[in-house]
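Student: This is the structure I want to talk about, given as C-alpha cells.
The values are calculated or read from the model by the stated rules, or taken from the named source; none is laboratory data. Worth saying up front: this structure is predicted, and the values here are computed from it rather than measured. So basically every Cβ, Gly included, is an ideal-geometry build from the backbone, and we count neighbours across all protein chains shown.
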Amino acid sequence: MWSKLALLIIKNRRLLVGLLAVITVFMAWKAKDVEMTYDFAQVVSPDDPDMVYFQEFKKTFGEDGNVLVLGMQDSSVYKLGNFNELRILTDTLGKVQGVSGVLSVTKLIQLTKDTAGQRFAATPIFRTFPQTQKELDSLMQIVNRQEFYKGQLISPATGATLLALTVDPKYLNSSRRQAVMQDILGHAERFTQKTGIKLHYAGLPYVRSTMTSKVASEMKFFLMLAALVTSVTLLVFFRTWSAVVFPLLIVGVAVIWCVGTIVLLGYKITLLTGLIPSILIVIGIPNCTYLLSRYHYDYRISGNQVLAMVRVVRKIGLVTLMNNTATATGFFVFCFTNIAILYQFGWVATISIFAAFFISIILIPIVFTYLPPPTPKQLEHLDAKPLTKLLEFFDYLVLERRGFVYGTAIVLCALGALGASRLQSVAYMVDDLPKNSSVNADLKFFEQHFNGIMPLEIVIDTGKKRGILKLKNLERIDRLENYLRTQPVLTSPISIVTFLKASTQAFYNGDPAYYRLPDNSERNFILSYLARSQGKEGSGMDSKLLRSFTDSTGQKARISLKIADIGSRNLDTLLLNKIEPKIKEIFNGTGMEVKMTGTTILFTKGNEYIIGTLRNSLIHAFGLVGLIVLVLFRSIRSVFFTLLPNFVTLLLTAGLMGYFGIALKPATALIFCIALGIDGDNSIHLLAKFRQEMATNGRRVRAAISTTLSEAGTSMIYTSIVLFVGFSIFAFSEFGGTKALGLLMSASLLITNFSNLILLPALLVTFEHGKEETIDRALIQHYDDQYHEEDDDLELNLDKMTVQPRLSRSADSNNPGANI
C-alpha cells in the first residue's frame, strides 16, 4: 500500500501541490480571524458545584473580578496642585468607554443626617474643589473621619491611597478590553508625568490584560525563534539550504493549518493553545529530519531520487505515522477532560500533529524529487564519526555491561523517586509571570499597604426573606467580620454590616466613635431613615446600592474582601483551618448557610483540578501508547519493553522537578503526558527496527541489537537533538510555567536517550530469546534489506516512466527517472 501511495504522490505532484495550496490559502483566510481569550481563570468544570454556585453568585450580586485599581503612596498627592491632577484623572477615567464607575478620594461621599426629612443623604465631601491648601487639609480631615473607607481607599497605617475602577463586563470579556486598558494606562501615565507620582496597577482586569498581551507577543517570538534554531540545526545536519528552507516551509504550512483549525473549531488563543504553533515546529521538523535522513541513506544506495523516495515512503511511512500517533497520544488524552482550556489544547494539538505528518509525507517526496540530488558532501552526515563512536559505546554497554546499565537505572530511579516525593502542588493567581515583573511588584505594593487585591466573597443565606436585617443575624455577621480583620492577608470586609455601621455613625453626626451596629433602641430609627433615603432624588441612596450588599429579598448578604496572592496551599489552610471553623462556631444551629466563593477560590481550585485531571490523563496516555504498541507488534512483551523505559524517563523528570523546587502546576504537569508521547515515539521506532532485524538475520538477538543501534540510533539521536534544541527555546519565556515546560522537556529528551538507546536494548537482550512470536509483518516492513524483489519491480516501473527535462541536465543524466 505504501509503495502505491509513494508512486501516487510522485505521479500527481502538481495536483497535490495545488490542492495543498488551496487548503492553505483557505486556512490562512480563516486564521486572520483568530482571537485571544480574555478569561484564563475558567479552568474548573462547568458542572463543578463550586462553579455552579459562583455563577449563581454573579447573577445575584454581579461580577467580583471586574475592578481595576491604581495605587500610590506619596504624600505630595495631598498638595493642592497634585490633588487637582488626581481629580482630573478620576473624572477623565470615569469617561473612558468601558469604565462603568470610578471611586477615589476626590469623589468620596459621606452619609449625612437630614433631621427634617428623617433620612440620610449621600453628599460628596468635595462638592466644590478646594481653592487653598488649608481648605484641602480641612476636607481631608473629614475624609479621615469616614471609618467606612479605612483600609479600602486609604491605608490607615501607611497613608497609601488608590483609585478603584469598575470595568463593564461586556468590555472585560471581549477584545475591546485591550483598548480600554490602553486608554486607562495612557491617562495614568500622563498623570505620573505631570505630578511625578508613581502609580501601581493591580486587579484581575489588569492581570488578564497583561497576560493576554504577553501570550500574543510570545506566540510570535517563539514562532520566529523556533524557526531560527531549527534552521541552524538542520543546516548543521544536512549542510544544504534546501534541507532548511523546505522543511520550514512545510511546518509553516502546518502552522497556518493549526491557527485555521483553532478558528474553525470556534476556539480562541489561550496560554496553552498559544504554544501549539511553536510546539508544532519543534515536532514537525523531526518528521522532516527523519524522512530526509532516510532519503539520503536510500539515495546513497540506489543513486536514484525517485526510487529512494519510494523506499522512504514504503519503509518508514507507516512507522512515522505510528510515531506521530504516539506523540499525538500525549496531547489527545486531554480531549477526555471537561476542562475547556485542556480540551481545546488537546484537540488542536492532536489534529495539528496529524496534519503536519500528512503535509510532510506528501511534500517531502514532491519537493526533493524536483530538486537536484544530494551531493556527496551533503551525505557526509550519515558517517559522522562522533555519532558513530557514541552508538558504538551504547552497543558496548548493552551487550557487555548490562549489569552496570541496570544498576545505574535502579540508582537513578531511587534518586528520582526521592526527588518526586518532594514535589509540591502550588498555584498562584500570577504564578506564570516572572517574580521581577511589574505586575508582581505592583501586587506586592497592594499586599503591603492594603493586604491584598484578589477578590474573595462570603455569602450568608438566612433562609428567610428580610432575614439579614434581624439584629441577631447582623451581630453574627459582625463577629465573623471582626475575626476576618485579624487575618493579615485579608482586607477589611465590606458588607451590609459595614454599611449599617456607617449609617449609625451618620446618625450621630459623623462621630467615628459611633461606627458600630445600631442597638435595639436605634435599629428602627436608622432603618426608617434608610428606607426614606432609597429612591429620593439627589440622595444617592437608591436600591442599587443596597443590592450590592444583599439580594432583592433581603435573604442573602455578601461579605466582600480582598486577599493577598498567597498560593493555593496557604489559601486552603486559611479557608479550611481558620475561616470555616470560625463560621461553624458562629453560625452552627442558626439554620443559616455560609459559603465562600469568588474568582480567587475558583482559580486556585481550577489549577488543582487540572493537576488531578492530568494525573488521570497520564494513565490514559500510558494505556493508549501501550495499545498502539500492542496493535503494531501484537506482543505483550513489546508493551512492557516500551512502557518501562518511558516510566523511568518520567520518574527521573519528576525527580528533577522535586530537587530543583519546580512546583507541580498545570504547565509543568503537561510535561509528563507530552514527554510520554514523544518517548513512546522513540521506543516504537527502535522496536520496529529491532523486529525487522530479528526477522532478517535468523532471530539472533545480539546481532539484531547492534544493527538496530547503528541504523535506527542515528535518526533517533538526530530527532532528539532537534527536539531538545526546539523545546529549549521555551526557557526564554516570561511565563514561569512555560519556561519550566521548556527546561523539563529538554531534560526529558536527554533522559530518553538513556532509556531508549541503552536501557530498552539491554532489556531486549536480556528478555528477548529469539523465540518466534506472532507478529504482523506487514506492519513492520519499512526498512531496507527485506523485499528486494519489490525494489526490483519498482526499478523496472521507474524505467518506464516519462522523464521531463529539467534545468540541471547533468544531474538528470546521473539520475534517470528522477522526474516524472
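Student: Select from region 126-136 the residues that are without any contact (Cβ under 8 Å) to a residue 40 or more places away in the chain and assigned to a helix (DSSP H, G or I) and list them in ascending order.
Tutor: The answer is Lys134, Glu135.
Student: Can you give me the number of residues within region 334-350 that are in a helix (DSSP H, G or I) and either in contact with a Leu (Cβ under 6 Å, 6 or more places away or on another chain) or surrounded by 20 or more Cβ atoms within 10 Å (Cβ to Cβ) (or both)?
Tutor: 9
Student: Would you point out which residue out of Arg294, Arg300 is buried (at least 22 other Cβ atoms within 10 Å of the Cβ), within 26 Å of Leu387 (Cα to Cα), touching a residue at least 60 places away in the same chain (Cβ under 8 Å) and of a type in the set (Lys, Arg)?
Tutor: Arg294
Student: So which of Ser568, Ser560 ends up being crowded, with 16+ Cβ neighbours inside 10 Å, of a type outside the set (A, V, I, L, M, F, W, C) and at pLDDT below 85?
Tutor: Going through Ser568, Ser560 in turn, just one is crowded, with 16+ Cβ neighbours inside 10 Å, of a type outside the set (A, V, I, L, M, F, W, C) and at pLDDT below 85: Ser568.
Student: Hey, does region 448-458 have a residue that's assigned to a helix (DSSP H, G or I) and buried (at least 20 other Cβ atoms within 10 Å of the Cβ)?
Tutor: Checked region 448-458: at least one residue is assigned to a helix (DSSP H, G or I) and buried (at least 20 other Cβ atoms within 10 Å of the Cβ).
Student: Would you confirm, using the coordinates I've provided, whether Val52 is assigned to a loop (DSSP other than H, G, I, E, B) and either over 34 Å from the mean Cα position of the chain (by Cα) or hydrophobic (A, V, I, L, M, F, W, C) (or both)?
Tutor: The answer is no for Val52.
Student: Across region 94-120, which residue is farthest from Arg532 (Cα to Cα) among those that are crowded, with 19+ Cβ neighbours inside 10 Å and of a type in the set (Gly, Ala, Ser)?
Tutor: Gly98
Student: Being of a type outside the set (Val, Ile, Thr), farther than 30 Å from Val312 by Cβ and touching a residue at least 40 places away in the same chain (Cβ under 8 Å) is the requirement here; does Met27 meet it?
Tutor: no
Student: Just a yes or no: is a residue in region 432-439 more than 30 Å from Ile566 (Cα to Cα) and either buried (at least 20 other Cβ atoms within 10 Å of the Cβ) or in contact with a Ser or Thr (Cβ under 7 Å, 6 or more places away or on another chain) (or both)?
Tutor: The answer is no, given that none of the residues of region 432-439 is more than 30 Å from Ile566 (Cα to Cα) and either buried (at least 20 other Cβ atoms within 10 Å of the Cβ) or in contact with a Ser or Thr (Cβ under 7 Å, 6 or more places away or on another chain) (or both).
Student: Just checking, which of Ala427, Ala420 is farther than 23 Å from Ser492 by Cα, modelled with pLDDT of 75 or more and buried (at least 16 other Cβ atoms within 10 Å of the Cβ)?
Tutor: Of the residues listed, the single one that is farther than 23 Å from Ser492 by Cα, modelled with pLDDT of 75 or more and buried (at least 16 other Cβ atoms within 10 Å of the Cβ) is Ala420.
Student: Could you tell me which numbered condition Val180 fails, if it satisfies all but one of (1) within 27 Å of Val497 (Cα to Cα); (2) in contact with a Pro (Cβ under 9 Å, 6 or more places away or on another chain)?
Tutor: Among (1) within 27 Å of Val497 (Cα to Cα); (2) in contact with a Pro (Cβ under 9 Å, 6 or more places away or on another chain), Val180 violates only (1).
Student: Out of region 257-292, which residues are at pLDDT below 80 and assigned to a loop (DSSP other than H, G, I, E, B)?
Tutor: Thr270, Leu271, Leu272, listed by residue number.
Student: Before we move on, is Gly452 under 22 Å from Phe61 (Cα atoms) and in contact with a helix residue (DSSP H, G or I) (Cβ under 8 Å, 6 or more places away or on another chain)?
Tutor: So Gly452 passes the test.
Student: Check Asp395 against each of (1) surrounded by fewer than 17 Cβ atoms within 10 Å (Cβ to Cβ); (2) touching a residue at least 12 places away in the same chain (Cβ under 8 Å); (3) of a type in the set (Asp, Glu) and name the one condition it does not meet.
Tutor: (1)
Student: What number of residues in region 459-480 are under 23 Å from Glu147 (Cβ atoms), touching a strand residue (DSSP E or B) at 6+ places or on another chain (Cβ under 8 Å) and surrounded by fewer than 20 Cβ atoms within 10 Å (Cβ to Cβ)?
Tutor: 0
Student: Please find, among Ala688, Ala675, Ala663, the residue that is within 28 Å of His620 (Cβ to Cβ), aliphatic (A, V, I, L, M), crowded, with 24+ Cβ neighbours inside 10 Å and under 19 Å from the mean Cα position of the chain (by Cα).
Tutor: Answer to the check: Ala675.
Student: Of everything in region 239-277, what is hydrophobic (A, V, I, L, M, F, W, C), more than 29 Å from Tyr370 (Cα to Cα) and either surrounded by fewer than 18 Cβ atoms within 10 Å (Cβ to Cβ) or touching a Lys or Arg at 6+ places or on another chain (Cβ under 6 Å) (or both)? Give them in sequence order.
Tutor: The answer is Val263, Leu264, Leu265.
Student: Are any residues in region 534-547 surrounded by 14 or more Cβ atoms within 10 Å (Cβ to Cβ) and either modelled with pLDDT of 70 or more or among the basic types (Lys, Arg) (or both), and if so, which ones?
Tutor: Within region 534-547, just Lys536 meets the criteria.
Student: So, one more: Return the residue satisfying two criteria in turn: it lies in region 632-647 and is hydrophobic (A, V, I, L, M, F, W, C) and surrounded by fewer than 23 Cβ atoms within 10 Å (Cβ to Cβ), and of such residues it is farthest from the chain's Cα centre (by Cα).
Tutor: Looking at the filtered set, the residue picked out is Ile636.
Student: So the check is Cβ under 8 Å with 6+ separation or different chains; which pairs have a first residue in region 464-487 that's without any contact (Cβ under 8 Å) to a residue 60 or more places away in the chain and of a type outside the set (A, V, I, L, M, F, W, C) and a second one that's part of a loop (DSSP other than H, G, I, E, B) and surrounded by 19 or more Cβ atoms within 10 Å (Cβ to Cβ)?
Tutor: Lys470/Thr462; Arg485/Ser492; Arg485/Pro493
Student: Return the residue satisfying two criteria in turn: it lies in region 172-186 and is more than 18 Å from Ile269 (Cα to Cα) and buried (at least 18 other Cβ atoms within 10 Å of the Cβ), and of such residues it is modelled with the highest pLDDT.
Tutor: Going through the qualifying residues, I end up with Ile184.
Student: Then there is this: Regarding Val306, is this residue more than 30 Å from Ile276 (Cα to Cα), part of a helix (DSSP H, G or I) and touching a Leu at 6+ places or on another chain (Cβ under 7 Å)?
Tutor: yes
Student: If I filter region 560-580 for residues that are touching a Ser or Thr at 6+ places or on another chain (Cβ under 8 Å), part of a strand (DSSP E or B), touching a residue at least 60 places away in the same chain (Cβ under 8 Å) and not hydrophobic (A, V, I, L, M, F, W, C), do I get at least one hit?
Tutor: yes
Student: Of all residues in region 407-431, which are part of a loop (DSSP other than H, G, I, E, B) and farther than 30 Å from Arg208 by Cβ?
Tutor: Ser421, Arg422 - these are the residues of region 407-431 that are part of a loop (DSSP other than H, G, I, E, B) and farther than 30 Å from Arg208 by Cβ.
Student: Identify, please: which residue in region 308-333 is touching an Asp or Glu at 6+ places or on another chain (Cβ under 8 Å) and within 28 Å of Gly266 (Cα to Cα) and is, among those, surrounded by the fewest Cβ atoms within 10 Å (Cβ to Cβ)?
Tutor: Asn324
Student: Only helices (runs of 4 or more DSSP H) wholly contained in region 687-791 count here; list those with 2 or more residues that are at pLDDT below 85.
Tutor: Output list reads 701-728, 736-754.
Student: Please specify each residue of region 88-102 satisfying the condition of being in a helix (DSSP H, G or I) and either in contact with a His (Cβ under 7 Å, 6 or more places away or on another chain) or of a type outside the set (S, T, N, Q) (or both).
Tutor: Ile88, Leu89, Asp91, Thr92, Leu93, Gly94
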